[in-house]
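Engineer: Please see the structure below; I have some questions.
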Amino acid sequence: MEILIPILTLGLLGLLFGMGLALASKKFAVKTDPRLDKIVGLLPGSNCGACGGAGCFGFAEAVLSGKMKIDKCRVSSDVAKEEIATILGRKLEKDLKKIAVLHCYGGIRVKDRFLYQGLKDCVAANLVLGGQKECVWGCLGFGDCERVCPFDAIKMSGEGLPIVDANKCKACNKCVLLCPKKLFTLVPITHPVYVACSSHDLGKDTIAVCPVGCIACYKCEKICPVDAIHVIDNLAVIDYNKCTSCGKCVEACPTKTIRRRE
Amino acid sequence: MSIAQFLTIFISAVFIYNVILSRFLGLCSFVAISRETKPAMAMSLAVMFVTTMSSIITWFIYRFLLVPFGLTYLRTISFILVIATFVQLVEMVIRKTSPALYRFFGIYLPLITVNCAVLGVAVLNSDMFFINGKAVPGSFYYSAFQGVCVGLGYALAMLLMSGIRERLDFCDVPKTVKDFPLAFIIASIMSLSFLGFNGFRF
């Protein structure tokens with residue numbers, strides 16, 4: 001008899017609370033959109049945060065409320081995106097696919113100013129007088145970008161320059177942020193013409209250290225039929241909103257600084 | 001029941017026996033959420049609310065259920081039951097009635113469900129304000145007030161900790177002790193300094 005009292009008390013207490021909670025969960029049920037679960041199911045679920053949302057669930061909520069485009073998720077496949085679009089009854093608005101482009105073609109063509117014996121790391125080398133290269137604007141060639149790329153899209157070439165694999169690059173921006181010389185930008189994949197130099201030095205100073213640097217000769221600016229390229233602060237800059245990729249500047253450039261991506 | 005009693009409870013709960021720095025209860029949330037002041041204060045508010053409410057509810061359970069049936073040895077499990085149910089209920093109600101507040105508290109409410117500080121204050125109340133299984137006069141008010149004060153003590157520790165950690169973000173700290181190791185070191189130094197309050201006697 002004595003053992004029954006505690007058992008009954010606790011059991012009843014538990015039963016009471018359990019039923020209370022069950023009732024409360026019915027009464028205070030919050031209706032969630034059934035589409036939300038479906039969208040979450042279609043997303044990769046790795047919560048990488050590349051979309052700018054707080055994980056995949058946050059992204060799904062933002063997509064559902066129309067705050068974000070479906071295409072913001074760089075990781076999920078096109079099929080999954082199409083399915084999400086059909087769930088929402090929306091058309092898939094595709095963002096232009098971009099890839100990372102290196103604005104330097106110096107590499108081994110540029111000599112070293114001094115013997116750098118520190119860590120084989122661009123960020124570290126950049127701390128020493130802005131790196132060992134004669135050109136303080138250009139690529140240091142230690143391959144930080146190759147190491148940071150999560151998609152294995154960047155490989156260092158024999159010329160001491162990183163080469164971006166357009167098929168593998170997902171425009172995740174990691175190399176853009178890491179490069180101490182800020183040599184990478186994300187360029188629409190539809191525009192193959194780019195300026196392979198970042199030097200803002202005067203033309204004669206540039207050509208003294210690098211045979212392929214921009215010497216600010218204004219030939220590209222003059223020949224461009226759509227007014228898409230301008231020399232700003234001793235460096236040619238392409239406006240990709242206007243560029244038609246006609247390639248006239250590529251032919252006109254005397255130092256072959258303006259290049260066409262293969 | 002007198003003002004002096006309440007003052008004693010206040011000072012001992014906030015300073016002398018600070019729930020985190022002297023009693024070492026609720027340390028997980030103390031270390032995890034004290035990185036920035038704003039979420040730390042949100043968590044403190046939530047804790048204060050829950051400690052107060054659970055003090056009140058557990059007092060009723062203890063006074064009218066456990067004591068009369070002679071089941072005081074069951075207080076741990078029954079308090080846990082009550083607190084967990086209560087927090088769940090509060091979460092549901094908040095979620096339904098105020099989505100803004102729900103988003104504000106976010107993960108903190110479920111975290112409190114199993115926070116030992118909340119159980120600690122309930123057990124403490126039943127220890128301090130019940131003598132030989134009989135409630136001392138005014139024990140209900142004392143219990144509720146102690147609930148508030150323990151929450152205040154928690155908030156004080158969180159405020160101090162988050163303030164220190166926010167400033168430390170700007171310091172050049174060796175990589176080996178960055179973040180959590182440093183937080184533990186700071187917590188121990190703070191705990192030592194709170195030991196100084198132990199000299200107070202009433």
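Engineer: Please list, in chain and number order, the residues 5+ apart from A:THR185 or on another chain whose amide H is under 5 Å from its amide H, with Hs placed from the backbone.
Structural biologist: Residues meeting the amide H criterion: A:VAL101, A:HIS103.
Engineer: Under 12 Å Cα to Cα from A:LYS181, which aspartates and glutamates show up? Leave out anything in the same chain fewer than 8 places away.
Structural biologist: Straight-distance partners of A:LYS181: A:ASP144.
Engineer: Taking Cα pairs under 8 Å and at least six residues apart, what relative contact order does chain A come out at, in percent?
Structural biologist: Across chain A, relative contact order equals 14 percent.
Engineer: Mean residue ellipticity at 222 nm from the helices of chain A, using -39,500 (n - 2.57) per DSSP H segment of n ≥ 4 over the full residue count, to the nearest 500 deg cm²/dmol?
Structural biologist: -9000 deg cm²/dmol
Engineer: Once you order the gyration tensor axes a ≥ b ≥ c over the Cα atoms, which shape class does chain A get: rounded for a/c under 1.5, otherwise prolate or oblate by comparing a/b with b/c?
Structural biologist: The shape class here is prolate.
Engineer: Let me ask you something else. A 29 angstrom limit on the alpha carbon distance is what I want to check against. Which of A:LYS97/B:LYS175; A:LYS72/A:LYS219; A:LYS97/A:LYS242; A:LYS69/A:LYS168 exceed it?
Structural biologist: A:LYS97/B:LYS175; A:LYS72/A:LYS219, as the Cα separations exceed 29 Å there.
Engineer: Set the bar at 23 Å for Cα to Cα. Now go through A:LYS98/A:LYS222; A:LYS111/A:LYS204; A:LYS91/A:LYS174; A:LYS222/A:LYS256; A:LYS26/B:LYS96; A:LYS26/B:LYS38 and name every pair that lies beyond it.
Structural biologist: Pairs exceeding the cut-off: A:LYS98/A:LYS222; A:LYS91/A:LYS174; A:LYS26/B:LYS38.
Engineer: In the stretch B:94-183, which trypsin sites (Lys or Arg not before Pro) fall in coil by DSSP and have 15 or fewer other Cβ atoms within 10 Å?
Structural biologist: Hits after loop and neighbour filter: B:LYS178.
Engineer: How big is the Cα convex hull of chain B in projection, averaged over all directions, in nm²?
Structural biologist: 12.7 nm²
Engineer: Residue by residue through the stretch A:249-262, which ³J(HN,Hα) values in whole Hz follow from phi under the Karplus form 6.51 cos²θ - 1.76 cosθ + 1.60 (θ = phi - 60°), with glycine and proline marked x?
Structural biologist: Those phi angles translate into 5, 4, 6, 6, 5, x, 9, 6, 7, 7, 10, 10, 6, 6 Hz.
Engineer: With an 8 Å Cα cut-off and a minimum separation of 6 or more residues, compute the relative contact order for the stretch A:78-210 in percent.
Structural biologist: Relative contact order comes out at 32 percent.
Engineer: Quick check: pseudo-label points 7 Å beyond the Cα along Cα→Cβ at B:ASN132 and A:LEU36, how many nm apart are they?
Structural biologist: In this crude spin-label approximation the distance works out to 5.7 nm.
Engineer: Which shape class applies to the stretch B:1-57: rounded if a/c is under 1.5, otherwise prolate when a/b exceeds b/c and oblate if not, where a ≥ b ≥ c are the square roots of the Cα gyration tensor eigenvalues?
Structural biologist: Prolate, since a/c reaches 1.5 and a/b exceeds b/c.
Engineer: From the Cα gyration tensor of the stretch B:86-173, with a ≥ b ≥ c the square roots of its eigenvalues, which class applies: rounded if a/c is under 1.5, or else prolate if a/b is larger than b/c, or else oblate?
Structural biologist: Oblate, because a/c is 1.5 or more while a/b does not exceed b/c.
Engineer: Give me the inter-chain shielding for B:66-72: mean count of other chain Cβ atoms within 10 Å, whole number please.
Structural biologist: 2
Engineer: Also, I was wondering about something else. Consider all pairwise Cα distances in the stretch A:160-262 and report the whole-number % of them above 19 Å.
Structural biologist: 45 percent
Engineer: Also: May I have the pair-distance distribution P(r) for the protein assembly as shown, computed from all Cα-Cα distances with 20 Å bins from 0 and rounded to whole percent?
Structural biologist: 18, 34, 27, 17, 4, 0
Quick note: the coordinates plus some simple rules give every number you see, no bench work behind them. Keep in mind that what you see is a predicted model, and the values were worked out from it rather than measured. With ideal geometry, Cβ positions are generated from the backbone for all residues, glycine too; neighbour counts draw on all protein chains shown.
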